1. Based on DSSP H runs of at least 4 residues, each adding -39500 (n - 2.57), what is the mean residue ellipticity at 222 nm of chain B after dividing by all its residues, to the nearest 500 deg cm²/dmol?
2. Using the beta-carbon distance between B:A171 and A:L170 and R0 = 60 Å, what value does 1/(1 + (r/R0)^6) give for FRET efficiency, to the nearest 0.05?
3. Computed over the Cα atoms of the protein assembly as shown, what is the convex hull's projected area averaged over all directions, in nm²?
4. With a cut-off of 8 Å between alpha carbons and a minimum separation of six or more residues, what is the relative contact order of region A:1-144 in percent?
5. If you fit an axis through the alpha-carbon atoms of helix A:205-216 and take the longest principal axis of the Cα set of chain A, what angle between them do you get, 0 to 90°, nearest 10?
6. Going by a ≥ b ≥ c, the root eigenvalues of the Cα gyration tensor, does region A:1-52 fall in the rounded group (a/c under 1.5), the prolate group (a/b larger than b/c) or the oblate group?
7. Output the 0 to 90 degree angle, nearest 10, between the alpha-carbon long axis of helix A:169-186 and the longest principal axis computed from the alpha carbons of chain A.
8. Give the long-range amide H neighbours of B:V26: residues separated by 5 or more places, or on another chain, with amide H under 5 Å away, using H modelled in the peptide plane at 1.01 Å from N.
Amino acid sequence: MRPYPAAFAEMLHCTLLGQLRNRMALLLAVAFIPGWIAVARLCASDREVRFPLDSLGTEAAAQASHVSQVVNALAAVTLVTGFVTFMETFKAGEVDRRLLLAGYPRVPMLLAKVTAVALIAALLALYTVAVLGTSVSVRQLGPLALGLCGAGLAYGGIGLLLGSLVRGELEGFFLVIMLSLVDTGLQNPVFTVVDLSGLEVLPLYGANQLTLAAAFTSGAPWSHSLLSLAWAAATSAAALLVFHVRTRSHCAVGAAATGVPAPVTAAGPPEAAVRASLRRSR
Amino acid sequence: MPSEVTQRQSRLRIEGVWKAYGRRQVLCGADLDVPPGALVGVVGENGAGKSTLLRIAVGQLTPDRGTVVRAGAVGYCPQQAVLNESFTVLQHLRLFQVAYRLPSLARAHELMDVLGFAHCGRRRTGELSGGTQQKLNLLIALMHDPQLLVLDEPYQGFDWDTHQRFWALAARLRDAGRSIVVVSHLLHDLHHFDAVRHLREGRLETEETAR
């Protein structure tokens, strides 16, 4: 059995099955996304809204209720992926540390978790496009799905990072919700009345530009999808770093020991003597 | 030289280990030597630092000062069952099979029989009783047949029959040359040990055993 592919496949399999068994996650995905889009459809007016799209260097115009539905769809996708990924990473944290101590390779473990996030983000994006398509006359479905998937990836990465970083469950939930509220609120064209600078640094900027352009114009700022990928890559790398720091072995391998008997019924990993020699002054 | 021979033969040697949490000093120069084929008990009051000592012994925690030398593969059973409640028992076994690089799960299935939960393979650990979760927690430490076993109150929640089977299994492993360190609170268990070390004021003292 080759350790790296097997480690990746087993962790991906278990993580996806774990997500499927998470009833709260399923409820959020199935009910919250259409529910939050419906809230926008019912609450927003039909007046026309004109808003600038920096990525295309142009202005777009659409009904406020349609814009609100797309913005709420983005918010729902970010909340669901951020929340679900955070919960999974946080809950699995202790077992993951135990697995690492037992010899599970770190990189395949994290790659499997990132792949699970990508699959979940892609599924949620397709589902959200299908829901949006019933009430908004979307101009370009492909880029819209890509934008929503990018939003899921960015917040999935954030969930992964927070799940490895924070000590309490409530802190993580609060941070995911607050970040998503600020991110979508500041970039909501229906509410934004002044030009704000610095929005480019927000996690949702690329996905927001691509999604709005896809929904209401014939242009598609493809390069902006890379911003979401960059956020996902940066947060995943940071999660790996946190994971590494929290679980680094404080022991260096030393000389092999003698006098070790053979296994009774099953073979264990190779013998090794491990030496922790820490003589730091207190 | 005799001391060098002893050092080479030790499966676990802890020398002058110190550990503090903030201002609270937990370990103050603790020493422990576990030779092959020994079943060693570590006893002490609540909060004496037994779990801290074991976490340092397996490399999960860094000592502030001191030396830890381990020889051979280690199996660690933490005090609280560390399991993912969304995963089934078999999923746990497959993940740890990858971690330990085991060619098969034959030994794990044997141990499931011995510990009496062979019928629970497809159940999620969140649905299992506390005692059965603890059985899986222990099995994960044993399934790769390590040379050194570090067990932190491994029989919490076990019924009497399983408790007895655990000690029979521990004796068999010891007789086969494995080294086992067990944290225990139960006075009636002390006769199972070859040596008992009492953790008192951050140091380990030798305690007389009935054996």
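1. One gets -10000 deg cm²/dmol as the mean residue ellipticity at 222 nm.
2. The calculated FRET efficiency here is 0.85.
3. 26.4 nm²
4. Relative contact order, region A:1-144: 33 percent.
5. In chain A, helix A:205-216 runs at an angle near 40 degrees to the longest axis.
6. oblate
7. It is inclined by approximately 30 degrees.
8. For B:V26, the qualifying residues are B:K19, B:A20, B:Y21.
Readers should treat all values here as calculations from the given coordinates under stated rules, not as data from a laboratory. Values in this document were obtained by computation on a predicted structure and should not be read as measured data. We place every Cβ from the backbone using ideal geometry, glycine too, and count neighbours over all the protein chains shown.
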